[in-house]
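Here's the structure, in structure tokens; my notes come after.
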Ligand code: ADP
């Protein structure tokens, strides 16, 4: 152990002397000279005190009881050969002095006079101490140097960096041995070589020229990165730092520096770079000075115009980038001025507060987010979300459309959660229950209607849907704001991602109206059946009346008087009319009961019309009415219909056109193609027409529109039958009527 030389003020000296008379004298001289003085009487005590706390010097009396002075000195000097000792002796003896001095004692002094304690001894002590300190300092320096060298060697050996030196010609003069472990080439290999001789020019590294330039200019450098390649050498990325060395007079002495292997770091950096490059998001890193450190292609793609300006290169300040954008025309409409936009953008960059989305003037939707890194830099992520936005908008549009459809469907549509609480209701639902959507959401049906029994019934159906996961149909009575109605409900499960029934959907339709119609239809059916059987019952006796009347009128053996002949003719006429009426009623009831067979086939229209005209001619002739058949220029020969029923319909229309015509009027029958696949047959007359206010009742059974009081015979059901038959054949019937007459038409499918 070596320690730095002590300060004079701290110097402690020990006087070993058995003659106590001398103690005071020594103390006087020593303290006067500025030493810390201690005194003991034997060699043993001296060693003990020295061991407890070492002295800087000892003054020892030659003759001591027990261990004598020379033995004490020997012991001390054996431990530390530079320990300063001054030996005192009562009687000067040349042999003793020689012994002492040869041991290494600093001085030997005879205590023959008191004044040596006051004058001589302090000076000798001073000299001894000085010599001791010089020795100590020299040893200290040497040791420190050795230690520093060892330390340097240890550092150099264990460090992951190697150390190097080059001379003024830039040739390597030193390489720490660990270079071999790190780079794979022994230190000696470098000695005397320049950079160029070592590797040859490294053309791949554009910075080499720059680096050599720096060396020529004798400037310091940091983190110069280069690639070490060569035959039989594992390629490596190395980094080096260096500083020039100058002599005191300023002459350049060379360089000194360190190098390190950064291959692993470089490779992970490259991996990271590659990962960043392949990211679909735009990525950029800015340093604490707001300069772009790096960015990937995707980042550039979200800023095409700025990128085109060449601003997205490392080193560009963020503010320059924003300004470039402004020049390229990117000033969001939200800001009044470019300066306002610039300061708002810089503020956001410096104090990021979450993601931000905006629409560029080029119609791109961009989402960006910036975050501070721990070293004061900024990470920026930019994503083109145009597609997502488009999809979102489409979804929103579709949702709106769906919502409108749902609201306008004449049904009640709702969604309930598993607890039977509404999460969605449509307009039909709200209208029926007389609530606003927000009043229904979160409530159960019981809370809405207050009808507990019904609510319990619905709840049990809902539970069934939840348990079975299947669709249920139900028909039941519901209490609403307007009273009771009958509903037909379809309940269906809506599953969550885990396949669990999450919601119960209900579509219910008010079928009260349908129920009423069904009841009406049943009543009408009963009526038809009644009429049918009645007509039947009436026809039998009527036929008998007509038969016997005919017999009366025609009996050649017993002819009737002229008067009776007139009466019987009256019976026959009215009987015929009644029979026609009964037949028509029977026809109608048959049609209504669905008992009329219909056979659709191609009907030859030309033959059919000629037939009908011939049959109607006697009736027309009675009143000098002309019947014309006009034809479409492209003659239409056929349509699809039931021959018998079509004939009945046409005869009825022609008969009406004659009946309600004026004398010497005209009936015009025309066939035309109404649409490519529809044939229209119209029957027009020149009669008085049908009063407008009565037209709507024309197809009602037994409604003769006031003609019942006229002398025109009729039953009021001919058109009713015609309409039923035309519709049975898949056609339409209609008319138009004015003061110039009426036109009735029927439309039927054309032949294929
Ligand atoms: P009706 O047996 O009374 O002729 P229809 O059912 O054939 O019964 O006709 C119903 C009513 O429509 C007729 O009573 C008549 O008032 C009116 N009508 C029918 N065809 C014509 C027409 N061509 N011109 C004027 N009125 C007509």
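Computed from the coordinates by the stated procedures, all read-outs in this text should not be read as laboratory data. Computed from a predicted structure; not experimentally measured. Don't worry about glycine lacking a Cβ; one is built from the backbone with ideal geometry, like all the others, and counts go over all protein chains shown.
Assorted remarks:
- Prolate/oblate/rounded call for the range 87-149, Cα gyration tensor, a/c under 1.5 rounded: oblate
- Rounded, prolate or oblate (a/c below 1.5 giving rounded, otherwise prolate when a/b exceeds b/c) for the chain by Cα gyration tensor: prolate
- Virtual spin-label span in nm between residue 301 and residue 262, 7 Å along Cα→Cβ: 3.1 nm
- Considering only the chain, percent of DSSP beta bridges that pair antiparallel, nearest 5: 80 percent
- Full-stretch length increase - residue 392, residue 158 - with 0.36 nm per residue and alpha-carbon distance subtracted: 78.1 nm
- Prolate/oblate/rounded call for the range 374-479, Cα gyration tensor, a/c under 1.5 rounded: prolate
- Relative to the current alpha-carbon distance between residue 168 and residue 570, full extension at 0.36 nm per residue lengthens the span by 129.3 nm.
- Those residues of the range 289-328 whose amide nitrogen sits under 17 Å from the label point placed on residue 275, 7 Å along Cα→Cβ: 294-297
- Full-stretch length increase - residue 103, residue 327 - with 0.36 nm per residue and alpha-carbon distance subtracted: 71.2 nm
- Computing FRET efficiency as 1/(1 + (r/R0)^6) for residue 452 and residue 490, where r is the C-beta to C-beta distance and R0 is 25 Å, gives about 0.60.
- Nearest 10 degrees, 0 to 90: helix 386-408 Cα axis against the chain principal axis: 40 degrees
- Beta bridges per DSSP with both ends in the range 600-752, % antiparallel, nearest 5: 80 percent
- Relative to the dominant Cα principal axis of the chain, helix 605-622 is inclined by about 40°.
- With Cα atoms, 0 to 90° folded angle of helix 718-728 axis to the chain main axis: 40 degrees
- Overall Cα dimensions of the range 599-729, principal axis frame, Å, largest first: 41, 31, 24
- Inter-probe distance in nm under a simple model that places probes 7 Å from Cα toward Cβ, at residue 498 and residue 20: 10.1 nm
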